[in-house]
1. What base-10 log of the normalised intensity I(q)/I(0) is obtained for segment 2-144 from the Debye formula, alpha carbons as equal point scatterers, at q = 0.11, 0.15, 0.22 Å⁻¹?
2. Any idea what the relative contact order of segment 2-144 is, in percent, if you count C-alpha pairs under 8 Å spaced at least 6 apart?
3. Net charge within 14 Å of residue 52 by Cβ-Cβ distance, Lys/Arg positive one each and Asp/Glu negative one each, not counting residue 52 itself?
4. Could you tell me the calculated FRET efficiency between residue 64 and residue 1, based on Cβ-Cβ distance and R0 = 41 angstrom, to the nearest 0.05?
5. Sequence neighbours fewer than 8 away in the same chain don't count; with that in mind, list the lysines whose C-alpha is under 21 Å from residue 143.
6. What ³J(HN,Hα) values, in whole Hz, does the Karplus curve 6.51 cos²θ - 1.76 cosθ + 1.60 give for segment 9-22 when θ = phi - 60°, with x put for Gly and Pro?
7. If you average the alpha carbon positions of segment 105-133 and of segment 1-18, how far apart do those two centres end up, in angstrom?
8. Would you mind computing, in nm to one decimal, how far apart the modelled labels at residue 16 and residue 42 are, each placed 7 Å from Cα along Cα→Cβ?
Amino acid sequence: MKKFIDIDFGSSRYDELVQLRYKILLEPLGLKFLDSFRDKESSYLHIGCIENLDDQLVGGLVLAPVNNEEVRMMQVAVETRYQGEGIGRGLVKYAEKRAKDSGFSKIVMHAMLSVVNFYEKIGYVQEGDIFEENGITFAKMVKKL
């Protein structure tokens, strides 16, 4: 059984989420997680997915306020052996609810091209041109809440 939770910044669970994001998203690209990122993340909403059987963090993401209407979804990561089980979709749905409950009316994100199709299937729309950042190609995706 999977459970979606809010994660407190600076907690041991937050440290687990940072490690998961690094392992799944940054390490394969040869990128580092810089401790300077942590300072910025204190005002973000951190969301995780726990596997109830062993209380293991198996997925997570970050919501960063852009302004009063928009929040940016970043670093959606699911442990490799749990990919394809609907955890990513569940994380995004939970994040959308939390964003709406917090007063945001729109979620934006920079999605790697390999996952654009996933986000389109759950109601996100590509906006603007494809662009490159740190050698990675992205599409801006948007969803009104």
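Bear in mind that the values in this text are calculations on the coordinates, not laboratory data. As the structure is a prediction and not an experimental result, all values here were calculated from the model. Here Cβ is always computed from backbone atoms with ideal geometry, including for glycine, and neighbour counts include all displayed protein chains.
1. -0.38, -0.75, -1.69
2. 19 percent
3. Details: positive: 2, 3; negative: 51, 54, 55, 85.
With Lys, Arg at +1 and Asp, Glu at -1, the neighbours total -2.
4. On the way: r = 29 Å, r/R0 = 0.71.
Calculated transfer efficiency: 0.90.
5. Partners found: 93, 97, 100, 106, 121.
6. Along segment 9-22, the couplings run 4, x, 7, 5, 5, 4, 4, 4, 5, 4, 5, 5, 4, 4 Hz.
7. Here the answer is 25 Å between Cα centres.
8. The answer from the label model is 2.4 nm.
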